[in-house]
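In what follows, a single structure is set out as structure tokens and then discussed.
Throughout, read-outs are computed from the coordinates displayed, never taken from laboratory work. These figures come from a predicted structure and were not determined experimentally. FYI the Cβ positions are ideal-geometry reconstructions off the backbone, even for glycines, and counts take in every protein chain you see.
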Amino acid sequence: MNVNELRNKSSEELKSILVDLSREHFNLRVQKATAQLTKTDLIKKTKRDVARVLTVLTEKARV
């Protein structure tokens, strides 16, 4: 997910994306714990995407 794409979205859209990413991250962690996850790099990618969305939300809140 590109930061420039995120900056063009509204706060409501970003919050929706954040909820979806958080659920996906949780599901990946559960799959890893039950040894069902084969692509463990997805956990790292979703974690970073969550951080990107939170960063953009914080930037919008300050402006």
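Residues that are closer than 16 Å to residue 15 by Cβ and not charged (D, E, K, R) were ranked within segment 34-53; the one that is surrounded by the most Cβ atoms within 10 Å (Cβ to Cβ) is 53.
Residues in segment 39-53 include none that are in contact (Cβ under 8 Å) with a residue 40 or more places away in the chain and in contact with a Ser or Thr (Cβ under 8 Å, 6 or more places away or on another chain). Considering segment 1-18, and only residues there that are within 14 Å of the chain's Cα centre (by Cα) and exposed (fewer than 11 other Cβ atoms within 10 Å of the Cβ), the residue that is farthest from residue 44 (Cα to Cα) turns out to be 5.
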